[in-house]
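Have a look at the structure below before the remarks.
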Amino acid sequence: GQQVMQIPQYQHVQEGEDFTTYCNSSTTLSNIQWYKQRPGGHPVFLIQLVKSGEVKKQKRLTFQFGEAKKNSSLHITATQTTDVGTYFCAGAYSGNTGKLIFGQGTTLQVKP
Amino acid sequence: NAGVTQTPKFQVLKTGQSMTLQCAQDMNHEYMSWYRQDPGMGLRLIHYSVGAGITDQGEVPNGYNVSRSTTEDFPLRLLSAAPSQTSVYFCASSPTPAGSSYNSPLHFGNGTRLTVT
């Protein structure tokens, strides 16, 4: 079945360092979404990527969708303590409308 | 708008008991879904619905039932609770189904923390 793998599971960085999390699907995605979950909270939508090779930026966050639409990454430049949380990618597949499959998430800790 | 409302926030059940987790949204979203979240496992899709009267199974549907009689409500029923169902349950909705190319962000409720002893 469809699976979305996400690495790393955990990342500890010093404030000001960069951070990247990667997602990979075994089959081609229709689109991929990214969410952030703060400790004790619920996932909050960040962005959706639809086109092959798409790159989108939100301030210090850069999101990429691979050319083959099977992988994606989230890069945070110069992390801040407010970036702490778990970042999830979630993949949707053509012909399977309605199913959004989440990766395992990457938990980011930022040391001030 | 209240968004997605889940009740209860916390629940403790004994093995074998049944219960219904409630989910309601006031955004007129067609698509609704249920996820469970366990440490290290991410969010796993239990059931989803692309509109009133239509439901389908997700990744981990066993032990759970759903129905979608109205656009607003999407309750999740545990038929006979088991300790393996101890988890945090999230309900989510979006304007369009996840597979569509249109912007279809999921709006999550605050979750129900369920413990089965």
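All of the numbers you see were taken from the coordinates with simple rules; none came from a lab. This structure is a prediction, so every number in the text was calculated from the model and none was measured. Using ideal geometry, Cβ is built from the backbone for each residue, glycine included, and neighbour counts are taken over all protein chains shown.
Restricting attention to segment B:1-57, which residues are part of a strand (DSSP E or B) and more than 14 Å from chain A (Cβ to nearest Cβ)?
Within segment B:1-57, B:Thr7, B:Gln11, B:Val12, B:Leu13, B:Met19, B:Thr20, B:Leu21, B:Gln22, B:Ala24 meet the criteria.
Within segment B:81-117, the residues that satisfy the criterion of being facing chain A (nearest Cβ under 10 Å), among the small types (Gly, Ala, Ser), assigned to a loop (DSSP other than H, G, I, E, B) and at negative phi are B:Ala98, B:Gly99, B:Ser100, B:Ser101, B:Ser104, B:Gly109.
Inside segment A:55-95, can you point out the residues that are surrounded by 18 or more Cβ atoms within 10 Å (Cβ to Cβ), part of a loop (DSSP other than H, G, I, E, B) and either at the interface with chain B (Cβ under 9 Å from one of its Cβ atoms) or out of contact with any Leu (no Cβ under 7 Å at 6 or more places or on another chain) (or both)? If the condition is that a residue be surrounded by 18 or more Cβ atoms within 10 Å (Cβ to Cβ), part of a loop (DSSP other than H, G, I, E, B) and either at the interface with chain B (Cβ under 9 Å from one of its Cβ atoms) or out of contact with any Leu (no Cβ under 7 Å at 6 or more places or on another chain) (or both), then A:Gly66, A:Thr79, A:Tyr93 are the ones that fit.
For every residue, the table says whether it meets (1) of a type in the set (D, E, K, R); (2) without any contact (Cβ under 8 Å) to a residue 24 or more places away in the chain; (3) under 23 Å from A:Ala90 (Cα atoms); (4) surrounded by 15 or more Cβ atoms within 10 Å (Cβ to Cβ).
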residue: B:Met32; (1), (2), (3), (4): no, no, yes, yes
residue: B:Arg44; (1), (2), (3), (4): yes, yes, yes, yes
residue: B:Gly51; (1), (2), (3), (4): no, yes, yes, no
residue: B:Ser69; (1), (2), (3), (4): no, yes, no, no
residue: B:Ser87; (1), (2), (3), (4): no, no, yes, yes
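Within segment A:12-32, residues that are at positive phi reach partners that are surrounded by fewer than 17 Cβ atoms within 10 Å (Cβ to Cβ) and outside any strand (DSSP E or B) with beta carbons closer than 7 Å, at six or more positions or on different chains, in the pairs A:Gly16/A:Ala78. Sort out which residues of segment A:73-105 are under 12 Å from the mean Cα position of the chain (by Cα) and farther than 25 Å from B:Met32 by Cα, and write them in order of number. Once the filter is applied, which keeps residues that are under 12 Å from the mean Cα position of the chain (by Cα) and farther than 25 Å from B:Met32 by Cα, segment A:73-105 yields A:Ser73, A:Leu74, A:His75, A:Ile76.
Inside segment B:1-49, can you point out the residues that are small (Gly, Ala, Ser) and farther than 19 Å from A:Val44 by Cβ?
Within segment B:1-49, B:Gly16, B:Ser18, B:Ala24, B:Gly40, B:Ser49 qualify.
From the list A:Leu29, A:Leu49, the one residue that fits, being buried (at least 21 other Cβ atoms within 10 Å of the Cβ), within 23 Å of A:Asp83 (Cα to Cα) and within 13 Å of chain B (Cβ to nearest Cβ), is A:Leu49.
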